[in-house]
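Chemist: Can you keep this structure in mind? I'll have questions shortly.
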Amino acid sequence: MTGPSPCRNRRAFTLVEIMVVIVIIGLLAAIAIPVISAFGNRAKERLILQNLRLLSDAAQVYFMESMSNEARLADLVGEGRFIRNLDPVAGEEYPLIILYEDTFIVATGAVFGDVVYDVR
């Protein structure tokens, strides 16, 4: 009874093989996480641009209807106004006053920087 024991014939992963797999998974995660977070920032930037576009369009209509050269944010946003609600997406702040002569509208203070919308 000196033959090989049943436990010795089974093939198992060595510690080195398991460590190599863990390192590969870690490298893939290190590559994937920044890419995924960049998608989130781009999506937030697009939402802010959409809000700025809505704000610009509402201001243009306000200028025509009121024959005024400036529109306050309170005149444009709120129940019964041009835009019902303008929620910040990434902590940005929208301008309180938009002038008829403005060629750019800027949302400041966003997590990833300011977002500029060209009105013209």
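Read the figures in this text as sums done on the coordinates, not as results from a lab. In this text, all values refer to a predicted model and were calculated from it rather than measured experimentally. Methodologically, a virtual Cβ is constructed for each residue, glycine included, from the backbone with ideal geometry; neighbour enumeration extends over all protein chains shown.
Chemist: Considering the options Ile33, Val21, Pro95, tell which one lies farthest towards the positive end of the dipole of the stretch 14-118, charges being +1 on Lys and Arg and -1 on Asp and Glu at the Cβ, about the Cα centre.
Modeler: Towards the positive end, the residue furthest out is Val21.
Chemist: Kindly provide the chymotrypsin sites (Phe, Trp or Tyr not before Pro) of the stretch 13-71 that DSSP labels as loop, not H, G, I, E or B, and whose Cβ sees at most 10 other Cβ atoms within 10 Å.
Modeler: Answer by residue number: Phe13.
Chemist: Compute the longest continuous run of the chain that contains no exposed GluC sites (Glu not before Pro); treat a site as exposed when its DSSP state is not H, G, I, E or B and it has at most 10 other Cβ atoms within 10 Å.
Modeler: Formally, the longest exposed-site-free interval is 1-78.
Chemist: Report, in degrees rounded to the nearest 10, the 0 to 90 angle that the Cα long axis of helix 15-66 makes with the longest principal axis of the chain.
Modeler: Once rounded, the angle reads 10 degrees.
Chemist: Rounded to whole Hz and in sequence order, give me ³J(HN,Hα) for the stretch 69-85 from the Karplus expression 6.51 cos²θ - 1.76 cosθ + 1.60, θ = phi - 60°, writing x for Gly and Pro.
Modeler: Karplus values, whole Hz, x for Gly and Pro: 9, 9, 10, 7, 4, 5, 6, 9, 10, x, 4, x, 10, 5, 10, 5, 8.
Chemist: Relative contact order of the chain, please, whole-number percent, based on alpha carbon pairs below 8 angstrom and at least 6 residues apart.
Modeler: Values: 112 pairs, mean separation 24.6, N = 120.
Dividing the mean separation by the residue count of the chain yields 20 percent.
Chemist: Counting Lys and Arg as +1 and Asp and Glu as -1, each charge on the Cβ, what is the dipole of the chain about the Cα centre in debye, to the nearest 20? Don't skip to the end; give the middle numbers.
Modeler: Values: 11 positive and 14 negative charges, 253 e Å.
Result for the chain is approximately 1220 debye, rounded to the nearest 20.
Chemist: On to the next question. Quick one: Ser56, Ser37, fewest Cβ neighbours within 10 Å first, how do they rank?
Modeler: So the ranking, lowest neighbour count to highest, is Ser37, Ser56.
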